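Student: This structure is in structure tokens; I'll ask about it shortly.
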Amino acid sequence: MGGIMGKAMDDNLQKNQQFMLEMNRVTMERQIHMQNQMRERMAALQIAKAREMFVWLSSFYGISVAAMLKGFQSSKKPAVLVPLLPLTFLIGYQADLAYGTKLNRIKSEAENIMMFERDLIEIPTGLPSLSSLDVARLQMEEDAKYKATTPSTTQ
């Protein structure tokens with residue numbers, strides 16, 4: 001009789017372990033999908049922000065160009081037009097970021113760094129482990145004990 005119950009309990013334990021593994025897998029997949037959706041939303045937000053900034057900068061650029069041309073007509077000094085050069089680069093950069101292929105080039109460069117220049121993005125001393133976190137936590141607790149028991153010198 002005990003052998004039958006033991007076998008039933010083993011089968012039940014095995015089914016429970018399989019169920020837990022499946023639940024962990026589903027939970028992990030959901031977390032990955034959630035993080036990816038959050039990343040996509042943040043990227044969309046950054047692109048929208050770049051486009052909004054482009055609208056404001058291009059408006060400023062248009063007004064500035066008109067004012068500089070008017071100033072050049074009245075003064076005939078080419079120095080009045082000098083700010084057009086950096087403003088043109090600024091507008092070009094922002095337009096490329098907002099509507100061009102700049103984000104694709106940035107993504108491509110990031111992939112290149114991840115594939116061929118891993119040493120640039122590695123964490124100093126490697127990934128933290130559970131044991132290193134526990135050591136740091138215990139050290140903080142130990143330090144807190146010493147700080148709490150140190151007599152105060154300010155009176």
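The values are calculated or read from the model by the stated rules, or taken from the named source; none is laboratory data. For clarity, every value in this text was computed on a predicted model and none was experimentally measured. In this analysis, Cβ positions are derived from the backbone assuming ideal geometry, glycine residues included, and neighbour counts consider all displayed protein chains. Remember, those area values only see protein heavy atoms, side chains included, never the ligands or the DNA or RNA. Shrake-Rupley method; radii C 1.70, N 1.55, O 1.52, S 1.80 Å.
Student: Given the options SER75, SER131, SER58, state which has the largest fluctuation in a GNM of the chain using a 10 Å cut-off (strictly under) for Cα springs.
Tutor: SER131
Student: Continuing with the same structure: I need the Debye-formula profile for the chain: one equal scatterer per C-alpha, no solvent, reported as log10 I(q)/I(0) at q = 0.12, 0.17 1/Å, two decimals.
Tutor: -0.92, -1.14
Student: While we're on this one: State the three equivalent ellipsoid semi-axes of the stretch 40-129, derived from the C-alpha gyration tensor as the square roots of 5 times its eigenvalues, in descending order and whole Å.
Tutor: Equivalent ellipsoid of the stretch 40-129: 41, 16, 11 Å, largest first.
Student: Here's a follow-up. For the stretch 40-155, report the accessible area per residue in Å² (1.4 Å probe, heavy atoms, rounded to an integer).
Tutor: Heavy-atom accessible area per residue stands at 85 Å².
Student: Could you tell me what percent of the accessible area of the stretch 2-155 is made up of carbon and sulfur, with a 1.4 Å probe and every protein chain present?
Tutor: Using a 1.4 Å probe with all protein chains present, the stretch 2-155 comes out at 65 percent carbon and sulfur.
Student: Specify which residue in the list GLN18, TYR61, LEU130 is farthest towards the positive end of the charge dipole of the chain, using unit charges on the beta carbon of Lys, Arg (+1) and Asp, Glu (-1), about the Cα centre.
Tutor: TYR61
Student: Nearest 10 degrees, 0 to 90: what angle lies between the long axis of helix 2-75 and the longest principal axis of the chain (Cα atoms)?
Tutor: Once rounded, the angle reads 10 degrees.
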